[in-house]
Amino acid sequence: MSSNCLNILKSQLKGVLLSLCFFTKTKLSLFPYPHAKLRVSSFSSTITAKTANLNGNLSPKEQAFLSLFKNCSTMKHVNQIHARLVHTGLDQNLYLVGKIIVFCAVSDRGSMDYAVSVFENIENPDGFLWNTMIRGFGRTSRVGEVFDYYKRMQEKGEVANNFTLSFLLKVNGQLGSAMLGKQLHCCTLKLGLETHVFVRNTIIHMYGLLRDIETACQLFEEIPRPDLVAWNTIIDCHVHCGKHKQALELFSRMLRSNIKPDEATLVVTLAACSALGALEFGRWIHSIIGQATLFDGVSVCNALIDMYAKCGAVEEAYSEFNGMSKRNIVSWNSMILGLAIHGHVNEALVLFSELLEDKLEIPNGITFLGVLCACSHGGMVDEGRRYFDCMRKEYHIQPTIKHYGCMVDILGRAGLVEEAYELTRGMPMECNAIVWRTLLACCRLHGNVELGEKVRRHLMNLEPDHSSDYVLLANTYASMGQWDDMARVRKSMREKGVQKLKPGNSLVGVCIPS
């Protein structure tokens, strides 16, 4: 790392290094993971030099246990193997016990609580076992225990290595703590791990999740010869931070550097095209995929369908969908939603029926969001009610606020504004401004002044200075010839200094590199 970057980091931290008190005393809240997971590091199967030597010189008992682990696929098997380890006095064998902890902490069929119970009975766990526990807590979003075990690891004299820091940095990226991220970054400098490829990529990824794109870019630019993972990471950081045009420029620059894209590159770059509406750039990427025979992955096909659909090229999206030899639920969802949002109502509902008939994939909340969107565009009130009930009763899917928003739109457009209002009031979650604004627009459409005033009061509590709310209410009065009330709303808007939103800017294409 350059001295300039180090000085910037030191000034930001003001000399604060990794405070273990901070880890244990600060209450941390977890945020959802906001974007696609990139493989920024792998997990070493090497335990320690000591246990690695054991692998080549195992006793007959130890070899017998290893054969049992090969067929271990459930927690019941783990319990049985662990019981035999205790019975034979091998419960302190780090190599064998490590197999149990790895299964419990890393496998989707494992149990982190069981991993804790096994780990806490080990007298002298090695660095590999500490790292596995930290990784497991991070995987299961038990953030407090991640840093608690890191503190205990240091107290036991175990030195953090590249895997430890990679796991901690990844967890903090999901956590969203800028201060903790800087402390961890400082820790990598202190341990001399800042140039390690896995650690460096994970630091960049973390800063992207923290939306500190400037630091992420600076760290990337300091890499002498970035590999594919580094390019994927920095492109993904830009997409996550809404810097979609810059993401496409980085993709072009990566190709000029003679780095061949992989599936992760294509998926995240096509996502940038979708956000920008950069159809021609997306078509250019599609041509690259065809030339390089990279068009095999389902995720790439899904990204193409999504890109074409969001850019308005529904026929091209449908062509890609029909050409897929294998589809998952994301494929169906992307196509159904793409058809729905562009008004192809019947086609969207027919595709949903085909999904149900195939019985290869089970519809989820996003599937029904597309179906309800189609019903909204088609003015299908009865069908919308039926699908909404089907989602809850037959598929046991709890509607989100987006599903309720679709139903409010369906009912409101049809003039059933009172029913839409009661549905809004009965939502199990707090209604947001978007849904209230949808209902207010429906009140204006059907001239329901009294309900429009009620809805406006709800909006005043949420977003008191949003210009469109004033305009919608004023237009509602105007539609009923209540000109004095309309003038009163306009006057109130002027007195409060509420300005109409500026017209949107349209990006007509993005230049395709030659």
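If a spin label sat at a point 7 angstrom from the Cα of GLU280 along the line to its beta carbon, the backbone N atoms of region 314-336 nearer than 20 Å would be those of 314-317. A cut-off of 5 Å between modelled amide H atoms, ignoring neighbours fewer than 5 places along the same chain, links MET427 with no other residue. In the context of the full set of protein chains, region 297-456 has a per residue accessible area of 46 Å² (1.4 Å probe). When peptides 149-157, 448-456, 264-272 are sorted by average Cβ neighbour count within 10 Å, with the highest value leading, the order is 264-272, 448-456, 149-157. Per-residue Karplus couplings for region 73-78, computed as 6.51 cos²θ - 1.76 cosθ + 1.60 with θ equal to phi - 60°, are listed in order as 9, 9, 5, 5, 4, 4 Hz, Gly and Pro entered as x.
Restricted to Cα atoms, region 153-284 shows a radius of gyration and a Dmax of 15.8, 57 angstrom. Amide hydrogen proximity for TYR395: with H placed 1.01 Å from N in the peptide plane, no residue at 5 or more positions away or on another chain lies under 5 Å. Which shape class, rounded, prolate or oblate, goes with region 340-398 when its Cα gyration tensor gives a ≥ b ≥ c as root eigenvalues, a/c under 1.5 marks rounded, and past that a/b bigger than b/c marks prolate? It comes out oblate by the Cα gyration axes. Shape class of region 66-132 from the alpha-carbon gyration tensor: oblate, with a/c at 1.5 or above and b/c at least as large as a/b. Taking θ as phi - 60° and the Karplus parameters 6.51, -1.76 and 1.60, the scalar couplings of region 315-331 work out to 5, 5, 4, 5, 5, 5, 4, 5, x, 6, 7, 9, 10, 10, 5, 5, 4 Hz in sequence order, x denoting glycine and proline. Applied to region 195-205, the Karplus parametrisation 6.51 cos²θ - 1.76 cosθ + 1.60 on θ = phi - 60° returns per-residue 3J(HN,Hα) values of 9, 5, 4, 5, 5, 4, 5, 5, 4, 4, 4 Hz, with x for Gly and Pro.
So how do 209-218, 401-410 stack up, highest first, on mean other-Cβ count within 10 Å?
Peptide ranking by packing, descending: 401-410, 209-218.
Pairs spanning more than 25 Å between alpha-carbon atoms, out of LYS190/LYS243; LYS310/LYS402; LYS170/LYS243: LYS190/LYS243.
Accessible area of region 365-412 with a 1.4 Å probe: how many percent of it is carbon plus sulfur?
Working: 1070 of 2040 Å².
Exposed carbon and sulfur together represent 52 percent of the surface.
The values are calculated or read from the model by the stated rules, or taken from the named source; none is laboratory data. Quick caveat: nothing in here was measured; it's all calculated off a predicted structure. Please note: Cβ atoms are built from the backbone with ideal geometry, for glycine as well, and neighbour counts cover all protein chains shown. Heavy atoms of the whole protein, side chains included, go into the accessibility calculation; ligands, DNA and RNA do not. Shrake-Rupley method; radii C 1.70, N 1.55, O 1.52, S 1.80 Å.
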